[in-house]
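The values are calculated or read from the model by the stated rules, or taken from the named source; none is laboratory data. Please read all numbers here as calculations on a predicted model, not as lab measurements. We place every Cβ from the backbone using ideal geometry, glycine too, and count neighbours over all the protein chains shown.
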Amino acid sequence: MVWSDKSLVIIEIARMKLKGLKDRFDWWLAGICLARTFNGTVFVTYAASLPVLQSAWMMSGSSAGTIAGGFSFGYAISLAVVSNLADRVGPKPLYLMSMTTSAVFAMLFAVFARDYWSGLVLYTLLALSMGGNYTTALMIISERYPFQRRGRAMGFFIASTSLGYTLSLVLSGTALPIGGYRLAFYLTCAGPVIGAILAWIILSRTQVRLPNQRTGKKLSREVFGKPSVMTLIYGYTGHSWELLGMWAWTPAFLSACLILGGGEVMAAAGTGAYVTAAFHVTGLVASFTMGSLSDRIGRSRVMVVLTGLSTIISFTFGWTIFWPYVLVFILGLVYSFACLGDSPILSAALTETVDSAYMGTAFGLRSLLGFGAGAASSIVFGFVLDLSNPAVSHSAVYETWGWAFGILGLGGLLAVVSAYMYGRYTLREATQGN
């Protein structure tokens with residue numbers, strides 16, 4: 001068969017286009033994101049099952065909040081310790097260690113968590129094992145990508161976390177009406193095992209440099225004494241107070257909306273998980289779109305808009321419980337988008353602002369304050385929920401949610417002010433640098 005010159009040219013053009021597509025697709029980033037997705041399937045397992053667990057484990061709102069709070073506190077401690085170690089031994093071994101141990105503790109939680117105390121202890125231990133694979137992954141990504149692409153790369157990574165939460169909620173929503181919380185635990189806790197295997201495969205050939213050695217610069221100057229760094233940490237603290245409290249209690253709120261509308265408890269729990277999954281999909285979109293947008297128009301501008309919007313909704317959302325469900329759903333989508341959209345921007349901005357020798361320490365401090373605040377907000381939310389509904393027992397449904405969600409808005413206010421001040425400080429530091 002004889003090929004014409006024109007045919008050969010067409011084939012060569014097609015081959016070059018396929019090669020270009022292959023080169024443009026970032027397989028490494030896709031792999032690290034997929035590992036994060038599977039690891040994240042246990043993060044909202046408890047929240048998705050809470051409408052069922054509160055009755056099965058005989059928990060008040062305050063008790064239910066302590067398990068969510070225990071997870072966040074464990075996660076915060078893990079993040080702080082591992083992030084500080086990463087400045088000395090490098091992020092890669094700590095990341096792989098955390099991915100492996102979280103797989104083990106996830107299966108222990110699935111098998112043995114059967115009442116309040118076992119759930120509290122095992123979910124906290126799971127969080128202690130999981131925290132080490134977040135900031136270490138961000139440090140690895142920050143080394144691999146220049147700042148012009150860093151917001152986008154971190155946006156995709158944080159979006160993959162939302163995808164994991166979505167998968168967890170979909171699995172839980174399917175399992176709860178069929179096999180109760182036990183089946184939901186088994187299905188979602190298999191994710192970290194898959195994630196650990198992927199992580200070892202992806203990083204097997206990835207070289208990660210050790211952080212720069214600390215010289216004469218002091219921590220008090222490079223972190224505590226640098227206003228732009230501290231405003232990002234304060235902003236992340238307010239962001240986490242709002243976001244983690246919202247994640248912990250939104251499935252229960254959505255289920256209460258359905259139950260008060262005449263729905264059956266188990267079916268409402270499953271539907272609430274599905275609807276919350278849609279919220280996380282919206283958060284997924286927010287992560288990579290807002291991270292990319294901040295690469296182009298600036299970090300502070302995008303953060304101010306997002307945090308302002310999420311704060312307004314926090315003060316509103318809980319009062320919508322008797323609204324038509326479709327309106328609650330639409331408002332919840334916007335809420336999720338605004339709450340999560342600034343997360344990759346906060347991370348990218350921190351890597352650009354702090355000296356690389358202190359990056360792990362800065363991330364550790366940020367994580368300790370942020371997830372500590374998130375843990376406290378989950379507990380305070382449950383406490384306020386009990387105070388707002390004094391006649392409700394563990395087997396009944398809460399009707400007043402506005403005051404509890406309003407508590408989350410206080411963190412949003414802190415995030416708004418911090419985002420605005422970050423823009424002012426970075427402008428001042430750039431002017432002084434010139």
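Can you find, within the range 371-389, the residue that is surrounded by the fewest Cβ atoms within 10 Å (Cβ to Cβ) among those that are touching a Leu at 6+ places or on another chain (Cβ under 9 Å) and within 12 Å of Phe73 (Cβ to Cβ)?
In this case the residue turns out to be Ala373.
Report the residue count in the range 75-88 for those that are among the polar types (S, T, N, Q) and crowded, with 24+ Cβ neighbours inside 10 Å.
Final tally of qualifying residues: 2.
If only one of Gly263, Gly318, Gly272, Gly235 is closer than 19 Å to Ala47 by Cβ, at pLDDT 90 or above and of a type outside the set (S, T, N, Q), which one is it?
When all the criteria are applied, what remains is Gly318.
Of the conditions (1) surrounded by fewer than 18 Cβ atoms within 10 Å (Cβ to Cβ); (2) closer than 21 Å to Leu53 by Cα; (3) at pLDDT below 90; (4) polar (S, T, N, Q), Gln148 clears all except one; give me its number.
(2)
Could you run through the range 76-114 and say how many residues are closer than 19 Å to Phe185 by Cα and either in contact with a strand residue (DSSP E or B) (Cβ under 8 Å, 6 or more places away or on another chain) or assigned to a helix (DSSP H, G or I) (or both)?
Matching residues across the range 76-114 total 14.
Among the residues of the range 341-363, are any under 22 Å from Val304 (Cβ atoms) and among the aromatic types (Phe, Trp, Tyr)? Quick ask: steps written out before the conclusion?
Kept after step one, since they are under 22 Å from Val304 (Cβ atoms), are these residues of the range 341-363: 341-354, 362.
Applying the additional criterion that residues be among the aromatic types (Phe, Trp, Tyr) yields none.
No, there is no match, as no residue in the range 341-363 is under 22 Å from Val304 (Cβ atoms) and among the aromatic types (Phe, Trp, Tyr).
For the range 405-414, does any single residue satisfy the condition of being in contact (Cβ under 8 Å) with a residue 12 or more places away in the chain and over 24 Å from the mean Cα position of the chain (by Cα)?
Applying the first criterion (in contact (Cβ under 8 Å) with a residue 12 or more places away in the chain) to the range 405-414 yields 405-414.
Subset that is over 24 Å from the mean Cα position of the chain (by Cα): none.
Within the range 405-414, not a single residue is in contact (Cβ under 8 Å) with a residue 12 or more places away in the chain and over 24 Å from the mean Cα position of the chain (by Cα).
Could you say whether any residue in the range 368-389 is assigned to a loop (DSSP other than H, G, I, E, B) and within 28 Å of Gly291 (Cα to Cα)?
Checked the range 368-389: no residue is assigned to a loop (DSSP other than H, G, I, E, B) and within 28 Å of Gly291 (Cα to Cα).
On the basis of being of a type in the set (Val, Ile, Thr) and closer than 23 Å to Leu413 by Cβ, does Ile312 make the cut?
yes
Could you check the range 329-355 and list, in sequence order, the residues that are surrounded by fewer than 20 Cβ atoms within 10 Å (Cβ to Cβ), of a type in the set (Val, Ile, Thr) and in contact (Cβ under 8 Å) with a residue 24 or more places away in the chain?
Val334
Scan Ser102, Ser72, Ser55 and give me the residue that is surrounded by fewer than 22 Cβ atoms within 10 Å (Cβ to Cβ) and hydroxyl-bearing (Ser, Thr, Tyr).
Result of the check over Ser102, Ser72, Ser55: Ser55.
Any idea which of Gly90, Gly173, Gly155 is at pLDDT below 85 and on the phi > 0 side of the Ramachandran plot?
Answer to the selection: Gly90.
Restricting to the range 386-408, name every residue that is closer than 17 Å to Val328 by Cβ and at pLDDT 90 or above.
Within the range 386-408, Thr400, Trp401, Gly402, Ala404, Phe405, Gly406, Leu408 qualify.
So that you can scan it fast, the table gives a plain yes or no per residue for (1) more than 18 Å from the chain's Cα centre (by Cα); (2) surrounded by 24 or more Cβ atoms within 10 Å (Cβ to Cβ):
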site: Thr311; (1), (2): no, no
site: Phe322; (1), (2): yes, no
site: Ala357; (1), (2): yes, no
site: Gly360; (1), (2): yes, yes
site: Leu369; (1), (2): no, no
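If you scan the range 86-112, which residues turn out to be among the basic types (Lys, Arg) and under 22 Å from the mean Cα position of the chain (by Cα)?
Once the filter is applied, which keeps residues that are among the basic types (Lys, Arg) and under 22 Å from the mean Cα position of the chain (by Cα), the range 86-112 yields only Lys92.
Would you check which residues across the range 145-173 are closer than 12 Å to Gly191 by Cβ, more than 12 Å from the chain's Cα centre (by Cα) and not hydrophobic (A, V, I, L, M, F, W, C) and list them?
Answer for the range 145-173, where residues must be closer than 12 Å to Gly191 by Cβ, more than 12 Å from the chain's Cα centre (by Cα) and not hydrophobic (A, V, I, L, M, F, W, C): Ser168, Ser172.
Residue under question is Met421, and the condition is that it be aliphatic (A, V, I, L, M), surrounded by fewer than 23 Cβ atoms within 10 Å (Cβ to Cβ) and out of contact with any Asp or Glu (no Cβ under 6 Å at 6 or more places or on another chain); does it hold?
Taking the combined requirement at face value, the residue satisfies it.
Being under 15 Å from Ala30 (Cα atoms) and of a type outside the set (A, V, I, L, M) is the filter here; which residues of the range 184-203 pass it?
Correct list: Gly195, Trp200.
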